[in-house]
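See below for the structure under consideration.
Rule-based calculations on the coordinates, nothing more; no lab input. Everything numeric here is computed off the predicted structure, so don't read it as measured data. Counting neighbours? That spans all protein chains shown, and the Cβs are built from the backbone with ideal geometry, glycine included.
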Amino acid sequence: MTPPVTTQRVDLEVNGVQHACDLDPRTTLLDALREHLDLTGSKKGCDHGQCGACTVLVDGRRTNSCLLLAVAAEGSTVTTIEGLGGPDLPHPVQEAFLEHDAYQCGYCTPGQICSAVGMLDEAAQGWPSVVTDDLTDAGELGTDEIRERMSGNICRCGAYVNIVTAIAAVDA
């Protein structure tokens, strides 16, 4: 016989809105977003933190939401693709992805965009990457820098060239 599942209240701030959820404490942030808050932009790709399709911003930092328990996000601000911008006022990264055709099937696109937003902020703060030659210029993003910094996001269609071009256009 299976023991009953115990839920606990988890207060999440997602896209500027407070949500009180009764969740199994083992619920990932991704599952809480998709199944309890009906925010289905973040995708479940591998469910192992290897593809980046589930990337959201937690306190402005890129996070694989399939690896983070929802209870661990309590007290943080979570931003999903739905919270970055919309049809009337898209985020500059969303505009660049459209302008540069940086998607094919679109499955990875929400995670790619959230990751790009977080990555551009990291670079603006001067965080170096593995390929940064001059640590005093960590914010300079050439093609190699963008590719390295986005390496946690997989596009199975292979739209990488246009993704890099779109991100470079936003950085310019």
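Data for the structure
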| read-out | value |
| --- | --- |
| Estimated FRET transfer efficiency (residue 38, residue 133; beta-carbon r; R0 41 Å; 0.05) | 0.35 |
| Between region 114-133 and region 11-38, the Cα center-to-center distance that results, in Å | 28 |
| Kirkwood hydrodynamic radius over Cα pairs of region 92-171, then Stokes diffusion coefficient at 10 °C and 1.306 mPa s, in µm²/s | 127 |
| Distance (nanometres) between label positions extended 7 Å along Cα→Cβ at residue 157 and residue 9 | 4.3 |
| Value of [θ]222 nm, deg cm²/dmol, for the chain, DSSP H segments ≥ 4, -39500 (n - 2.57) each, nearest 500 | -8000 deg cm²/dmol |
| Cβ-based exposure ranking for 160, 103, in which fewest neighbours within 10 Å come first | 160, 103 |
| Peptides ranked, highest mean first, by Cβ atoms within 10 Å: ranges 104-114, 7-17 | 104-114, 7-17 |
| Which of 122, 35 has the fewest Cβ neighbours within 10 Å, and the rest in rising order | 35, 122 |
| Fully extended contour minus Cα-Cα distance, from residue 143 to residue 74, at 0.36 nm per residue | 21.2 nm |
| Estimated distance in nm for a label pair at residue 169 and residue 1, the labels positioned 7 Å out from Cα along Cα-to-Cβ | 6.2 |
| Rg(Cα) / (2.2 N^0.38 Å) computed for region 8-83, rounded to two decimals | 0.95 |
